[in-house]
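Working notes, beginning with the structure itself.
The values are calculated or read from the model by the stated rules, or taken from the named source; none is laboratory data. Worth saying up front: this structure is predicted, and the values here are computed from it rather than measured. FYI the Cβ positions are ideal-geometry reconstructions off the backbone, even for glycines, and counts take in every protein chain you see.
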Amino acid sequence: MQKLNRRRFLKTLGVAGAAALAGLPALSLRHAGLNKITIIHTNDTHSRLDPYPEGDPDYPGMGGYARRAALINREREKDPNLLLLDAGDVFQGTPYFNMYGGKPELKLMSKMGYDAVAFGNHEFDNGMDGFLEVLPYADFPFLAANYDFSATILAGKVKDYHVIERNGLKIGLYGLGIELEGLVSRNLYEGTVYHDPIKIARETEQKLKNDYGCDLIICLSHLGYDYEDGKVSDIKVAEATALTHVIIGGHTHNLLDPPATVTNRAGKNVTIAQAGYGGAYAGRLEVYFDRDGENNLVESNTIKI
């Protein structure tokens, strides 16, 4: 969505005295009865631990986990309570994965302090046994609410949702994964049951709101942003839900700058963000919302790494 100036922002949220408060810094907005959560997000890094070569035609000298870590450290100096999220496909794409099976990716992401990661289709690439072997190196949960792993060795190892408290707020995170049939070899996911993402999203957001009292609900999606053939996508999930505020997406490698804004079934805005491919960019969202959680506005930018 386009950035809003402070006057229009406060008017959008219905805060009294918008004209007087316009132009004030974020700290003052907090005193106006607004909460703010900063989100740094990545997706589809595909085991690219090192930067791209200087001669790369698309991302010359960009990316790399060391530079990402430096960026995250700088952002945490500004906001120690930020959320660090990833929308999946951590694995596959460089010799690091072929040699080590995902161990260095998970160890480094743990050191960076990731809060949660969506379960992407390439997380199946070494089979469920290969994933389970390296999972202990992840100090964060993988999320996939619409994958039923109960008949597999991953039963209890991948979560539907995750609730965290940050800066006095409850934040509900849930994951959605893409349909595996025709995309992943059956022997790699055998026993996994795929459920309709829209049905699961509606059920999960209700649980996060009603059972856990979450102030902010975020979907980590590896469905893909949009499809011409009408396949389930982030846009369709946003339109069909009522309580999800933000969708951090992956799979289709879109660089959404600015993020998209979609009206949900309750007539409210849902922000959809995605940060391209290969770790060349990270997304940054500042989500502002009132104490009742009824209104929200997102200021955003992508950051070249």
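Please go through segment 235-251 and pick out each residue that is modelled with pLDDT of 95 or more, in a loop (DSSP other than H, G, I, E, B) and under 13 Å from T271 (Cβ atoms).
T241, T244
Somewhere in segment 136-149, is a residue farther than 28 Å from P258 by Cβ, in contact with a helix residue (DSSP H, G or I) (Cβ under 6 Å, 6 or more places away or on another chain) and assigned to a helix (DSSP H, G or I)?
The answer is yes; a qualifying residue exists.
When you check N254 against the structure, is it more than 15 Å from L85 (Cα to Cα), at pLDDT below 95, crowded, with 16+ Cβ neighbours inside 10 Å and assigned by TED's automatic domain parsing to the domain that holds Q206, yes or no?
Numbers: more than 15 Å from L85 (Cα to Cα): yes; at pLDDT below 95: no; crowded, with 16+ Cβ neighbours inside 10 Å: yes; assigned by TED's automatic domain parsing to the domain that holds Q206: yes.
Judged against the criteria, N254 is not a match.
Name the single residue that is surrounded by the fewest Cβ atoms within 10 Å (Cβ to Cβ) among those in segment 105-128 being assigned to a loop (DSSP other than H, G, I, E, B) and among the small types (G, A, S). Please lay out each step first, then the result.
Here is the first cut: in segment 105-128, the residues assigned to a loop (DSSP other than H, G, I, E, B) are 113-115, 119-120, 125-126.
Next, only the ones that are among the small types (G, A, S) stay: 113, 120.
Working: G113: 15, G120: 28.
Of everything passing the filter in segment 105-128, G113 is surrounded by the fewest Cβ atoms within 10 Å (Cβ to Cβ).
Which residues, taken from segment 206-227, are farther than 22 Å from G120 by Cβ and part of a loop (DSSP other than H, G, I, E, B)? Give the derivation first.
The first filter runs over segment 206-227 and keeps only residues farther than 22 Å from G120 by Cβ, leaving 206-207, 209-216.
Matches in segment 206-227: Y212, G213, C214, D215.
Tell me yes or no: at least one residue of segment 216-230 is without any contact (Cβ under 8 Å) to a residue 40 or more places away in the chain and either at positive phi or buried (at least 19 other Cβ atoms within 10 Å of the Cβ) (or both). Walk me through how you get there before you give the answer.
Of the residues in segment 216-230, the ones without any contact (Cβ under 8 Å) to a residue 40 or more places away in the chain are 226-230.
Cutting the leftovers down to either at positive phi or buried (at least 19 other Cβ atoms within 10 Å of the Cβ) (or both) gives us 230.
Yes.
Does K170 satisfy the criteria of being at pLDDT 95 or above, in the same structural domain as H195 (by TED's automatic domain parsing) and among the charged types (D, E, K, R)? Walk me through it before giving the result.
Values: at pLDDT 95 or above: no; in the same structural domain as H195 (by TED's automatic domain parsing): yes; among the charged types (D, E, K, R): yes.
It is false that K170 is at pLDDT 95 or above, in the same structural domain as H195 (by TED's automatic domain parsing) and among the charged types (D, E, K, R).
Taking segment 61-97 on its own, how many of its residues are on the phi > 0 side of the Ramachandran plot and buried (at least 16 other Cβ atoms within 10 Å of the Cβ)? Even if it seems obvious, please write down each step before you answer.
So in segment 61-97, the residues on the phi > 0 side of the Ramachandran plot come out as 61, 63-64, 88-89, 92-93.
Right, trim to buried (at least 16 other Cβ atoms within 10 Å of the Cβ) and you get 63-64, 88-89, 92-93.
Qualifying residue count for the region: 6.
Any idea which of (1) over 23 Å from V287 (Cα atoms); (2) in contact (Cβ under 8 Å) with a residue 24 or more places away in the chain is the one G156 doesn't satisfy?
Looking at each condition in turn, G156 falls short on (2).
Kindly list, by first and then second residue, each pair from a residue in segment 126-144 that is of a type in the set (S, T, N, Q) to a residue that is in a helix (DSSP H, G or I) and modelled with pLDDT of 95 or more, limited to pairs with Cβ atoms under 9 Å and residues at least 6 apart or on different chains.
Hits for this filter: N126/F97; N126/E133; N126/V134; N126/L188.
Considering only helices (runs of 4 or more DSSP H) fully contained in segment 1-102, which possess at least 1 residues that are under 23 Å from A260 (Cα atoms), at pLDDT 95 or above and polar (S, T, N, Q)?
Numbers: elements: 6-13, 18-21, 26-31, 65-78, 95-100.
So the answer is none; nothing clears 1.
Yes/no matrix, rows are residues, columns are (1) under 17 Å from the mean Cα position of the chain (by Cα); (2) closer than 24 Å to M99 by Cα:
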| position | (1), (2) |
| --- | --- |
| E123 | yes, yes |
| N126 | no, yes |
| D129 | no, yes |
| E133 | no, yes |
| D139 | yes, yes |
| A151 | no, no |
| K170 | yes, no |
| L176 | yes, no |
